[in-house]
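Structure first, commentary second.
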Amino acid sequence: MRHLNALVLSFFVAASAAAQSQLGPEELVKKVTADVLDTIKSDKGLQAGDRQKALALAEQKVLPHIDFREAMILAMGRSWHQAKPAQQEELVSAFRTMLVRIYANAIDRYRGQTMKVMPVRMPAGATEVAVRNRYLSPGRPPVPIEYSMRKGPEGWKIYDISVEGVSLVLTYRAEFENITRTSGVEGLIKRLQEKNA
């Protein structure tokens, strides 16, 4: 569960960087990760686990800049193509809701942390990049994080994140493929809706 919370929180924190689309991926991650961590540090409500404030933080600074569709496609693997267009929209919406809820529950665990973004080597004109970061907590080893980002018409967006080598979307892939194998796409939609209830 610690890895999953770290994956989701880092996913949301890094994705908010895309709001500054004129900056490069490294600068985006640096600027917005620092901003979100500073917000957590200075807001007593967030530190106390206020879910409404955590959700508001996500909605305002983060959610518009995550490619939830691409993340869901990767999380479902081959099963994605079994879903009809209306089902695909339901899946993306339910996946988004699930990640937001995990984020709201995990945000207070990041009090007192700092981060260090590693230099990015990216060819000119690249539209995909991995940005590496380390979360630092006093008395604990650094937590390595890698953000998979893609540049599209709306700027840079996050579509996956790995914490200590564990990918967010691949964490869900085995579970989602197993559910669709036994219960079909509707079974997966129902399962995600149950998690969100």
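Tally Lys/Arg at +1 and Asp/Glu at -1 over every other residue whose Cβ is under 13 Å from the Cβ of Arg191; what's the total?
Neighbourhood net charge equals -2.
Using a cut-off of 13 Å between beta-carbons, work out the net charge of the residues near Glu154 (Lys and Arg +1, Asp and Glu -1, Glu154 not included).
Its environment carries a net charge of +2.
Given axes a ≥ b ≥ c from the Cα gyration tensor, I'd like to know whether region 90-197 is rounded (a/c under 1.5), prolate (a/b larger than b/c) or oblate.
oblate
If you rank Tyr135, Tyr147 by fewest surrounding Cβ atoms within 10 Å, what's the result?
Ascending number of Cβ neighbours within 10 Å: Tyr135, Tyr147.
Count charges around Leu170 for me, please; just the other residues with Cβ under 15 Å from its Cβ, Lys/Arg as +1, Asp/Glu as -1.
-4
Which of Trp80, Trp156 comes first, and how do the rest follow, when ranked by fewest Cβ neighbours within 10 Å?
Trp80, Trp156
Taking 0.36 nm per intervening residue step and subtracting the Cα-Cα distance, what contour gain separates Ala126 from Ala174 on full extension?
14.2 nm
Once amide H atoms are placed 1.01 Å from N in the peptide plane, what residues at a sequence separation of 5 or more from Asp160, or on another chain, have their amide H within under 5 Å of its amide H?
Ser148
7 Å from Cα along Cα→Cβ at both Met118 and Ser42: what's the point-to-point distance in nm?
3.1
Taking θ as phi - 60°, what are the ³J(HN,Hα) couplings along region 170-177 by the Karplus curve (6.51, -1.76, 1.60), each to the nearest whole Hz, with x for Gly and Pro?
Working through the residues one at a time gives 6, 4, 8, 4, 4, 5, 5, 5 Hz.
Obtain the nm distance between the two label points defined at Arg51 and Lys31 by a simple spin-label model: each point lies 7 Å from its Cα along the Cα-to-C-beta direction.
Each label point lies 7 Å from its Cα, and together they span 3.3 nm.
Taking square-rooted eigenvalues a ≥ b ≥ c of the alpha carbon gyration tensor, is region 50-99 rounded, prolate or oblate, where a/c under 1.5 means rounded and, failing that, a/b exceeding b/c means prolate?
prolate
Of Lys31/Lys116; Lys84/Lys151; Lys44/Lys157; Lys116/Lys157; Lys41/Lys116, which ones are farther than 23 Å apart at the Cα?
Too far apart for the 23 Å limit: Lys84/Lys151; Lys44/Lys157.
By counting other Cβ atoms within 10 Å of each Cβ, how are Met76, Met149, Met98 ranked from fewest to most?
Arranged by neighbour count, lowest to highest, Met76, Met149, Met98 become Met98, Met76, Met149.
No lab work stands behind these numbers, since they all come straight from the coordinates. In this text the structure is predicted, and so the values were computed from the model without any measurement. Positions of Cβ are generated from backbone atoms using ideal geometry, with glycine treated the same way; all protein chains shown enter the neighbour counts.
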